[in-house]
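Report on the structure given below.
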Amino acid sequence: MGLEYVRISPGFEKYMPRDYVDLVKYGPFGRKVDVMDMGQFKELVEEHPMCAGCYMAYFIRVFYTALPNPEDTIVIGTAGCARLALSQAAVPFIYGNYGDTNAVASGLKRALSIRFPDKHKDVVVIAGDGGLIDIGFGMTMHSWFRREKFTTIMVDNEVYGNTGGQESGMSPKGVQLKMAPLGKKFDKINAVELAKTAGCVYVARISPTNPKRIAKTIRRAILAARHFGPTFIHAYTSCNIEYSIPTREVLADARKREKQDFKFYEWMTDEVKEFLEEVERKEKQEVKK
Amino acid sequence: MPEQRVVEPDYLLLEAPREKKFITGSQAFAEAVKRANVDVAIAYPITPQSETMHLVGDLYAQGYVKDYYRAEEEYGAMSAIAGAVRGGARAFTATSGPGLLRGLEAIVSWPGHRIPAVLGVMTRVVNAPLSIQPDNVEISYLLNSGLVVLHAENQQDVFDFTLAGFVISEKVDVYLPVVVATEGFFVTHAKGYVELPPEDMKLPPRDPYKAPVPPTDCEIPPARIQRDAPVQKSNFMSYLIHAVWQQEVWSANRRAAKWIKHYLGGLIEVVNPDAEVFVVASGCAAAQGREAQRYATMEGLNVGLIKVKSLRPFPVDEIREALKNAKAVIVPEHNIVGWLAKEVKAAIPNSGIVVDGPRVYGGMTLPVELIMEEIYKAFGIKKEKKVVV
Ligand SMILES: Cc1ncc(C[n+]2csc(CCOP(=O)(O)OP(=O)(O)O)c2C)c(N)n1
Ligand code: SF4
């Protein structure tokens, strides 16, 4: 069981680093925490080298809080800004090559299913728009066609943040970016529709303005993937550096974009719907007790 | 499928009774996989590799392999192998020429991730113009990436190297991917005699916790290489960690030598160690070199053969020792760049005695006569060109 590794050997409590002890004692391993409690327990990502005020970093923090089962979750990332925070978290992280996330996740999930047939080991990909929809496009699509049971989350900052601001397939049409000196020539790729067509059983598009909703969406995507097949979340996570959004305005920008292009959208198959309603009904009952 | 009983690797590889079968190289790969207790095999078609992975798919259908699928392309296949192995599974795949190059970025990242997998490489032309013939220039791309690279001469080698490859790659002091290369068609699609241990025996399952880098399965703390990726540290730390890690990968590669000796009888095979002139060759060229050595002996010429089984780790000391009294060294190869000749030259102090060739490329066969011509030259014999029989 994954909780073994977040248990301190008796007698060693005094000698372990303070932050580690806090994480084990108050962190989300083996117990449910609410995103609204963020800051009241040791968070899974504490420090990271992403830009100050980066909205993607905020989203990643909420993501870790929302995990239904952090002690049995493996996160897969790729070259891009997100992995800078992902690899600093207290959840195992795999980083392969640029764009290979969904192929690595396919192999990993299958290996875990062979080795632990009776346990849920959640595999979650978090990668940029470039990583998933440009360079890794074939691998992303095929993991969906093959109905691999893991969640893919696209942190869409509409640009290649990590290499300094080149256009991606997800950049809006017309926007002038590095390597698009005359403005981008084609529309944003419709990733959500592709995901539906390719066989995802749960699909959502969000602008992360509301932490409770982000958490619920992430939980739903992960739980559905466990039982039914691939799930996908398309999240707008602005790049304040490349799009020159002042730090204090990133939330306002997220709200604006929510109205314009990222209105909350959620779609799932009937069986996923039935399953999630049942899970959530039981959870509500638990809370009442 | 017969019930398979787990036996110790040393028993299966070195002691178990063997039965002689007349099979193709592709079948030899599959026979090894059959006995290797493989969890996951992931395939993408390319001639001349496809048949091997068809046969492995058949093993999956029969229950010998636990999971199998046709990947989207080689990059996806090689990345998924990395994922499966990091999840603790034992994995096999194979490819050829252009497929190898397409998957190369993923493949060359395996050693650094400490991925113990076995990769069959059935060589094929990669340069334009298009051809599907078994040129082996692609092996040169693998030599500088930290993988253990074995080069099989025939169907028997394919079987032995592949089965032993799983065992060697999972040794704690090695823990690297093992490539078993052989010439496509010449070996994969031709039959040869292969001594096979019983098919109702298999290797013990992989124990992913017996490892210098543990699996990523949430059962134990994550490896620090994943948690604290070097690239995030200061430049100095980043350089240092990366440099140290590369050194460790290459040390592990060298440590594979003792296991190759143990399971495969050495990194090289020497025929007629007291010769004045040697043919040094690997893979199919070694088979042609063997013939040349035989003809030369029949003609009363003192010629020896060094077959190089392991290209990485490269048997520098063994080759230097075996060639210490040699007057000429002929290195026949199935490629235009002459990667083996370069390696041999670098291994000995008097590289001037190395003859660059003969070489055939584009997948042509390597006539024994070409090697004989070099042998005559080395002995100063002037001969009419004629077919040797
Ligand atoms: C094969 C390969 N090509 C190019 C790169 C360089 N590269 C690193 S990150 C990146 C762009 C990342 O953009 P995106 O995936 O959108 O993520 P972001 O940084 O915006 O979060 C590129 C092109 C690479 N690492 N590997
Ligand atoms: S470059 Fe943009 S996306 Fe990347 S860390 Fe900075 S603000 Fe965030």
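The values are calculated or read from the model by the stated rules, or taken from the named source; none is laboratory data. What you are looking at is a predicted structure, and each value in this text was computed from that prediction instead of being measured. So basically every Cβ, Gly included, is an ideal-geometry build from the backbone, and we count neighbours across all protein chains shown. These accessible areas exclude ligands, DNA and RNA; they are computed on the full protein's heavy atoms, side chains included. Shrake-Rupley method; radii C 1.70, N 1.55, O 1.52, S 1.80 Å.
Reported count of residues in region A:5-40, each being surrounded by fewer than 14 Cβ atoms within 10 Å (Cβ to Cβ) and under 24 Å from A:THR217 (Cβ atoms), is 7. Against the test of being at pLDDT below 85 and away from chain B (no Cβ under 12 Å), the options A:PRO28, A:PRO17 yield a single qualifying residue, A:PRO17. The residues in region A:238-261 that are more than 16 Å from ligand 2 (Cβ to nearest atom) and under 21 Å from the mean Cα position of the chain (by Cα) can be counted, and the count is 3.
Determine whether region A:41-64 contains at least one residue that is open to solvent by less than 10 Å² (accessible area, probe 1.4 Å), out of contact with any strand residue (DSSP E or B) (no Cβ under 9 Å at 6 or more places or on another chain), in a helix (DSSP H, G or I) and away from ligand 1 (no atom under 16 Å from the Cβ). Yes, because at least one residue in region A:41-64 is open to solvent by less than 10 Å² (accessible area, probe 1.4 Å), out of contact with any strand residue (DSSP E or B) (no Cβ under 9 Å at 6 or more places or on another chain), in a helix (DSSP H, G or I) and away from ligand 1 (no atom under 16 Å from the Cβ). Candidates in region A:65-80 are the residues that are within 10 Å of ligand 1 (Cβ to nearest atom) and crowded, with 24+ Cβ neighbours inside 10 Å; of these, the one that is nearest to the chain's Cα centre (by Cα) is A:GLY77.
Scanning region B:286-306 for residues that are in contact with a helix residue (DSSP H, G or I) (Cβ under 8 Å, 6 or more places away or on another chain) and open to solvent by less than 10 Å² (accessible area, probe 1.4 Å), we see that the one that is nearest to B:PRO134 (Cα to Cα) is B:GLY289.
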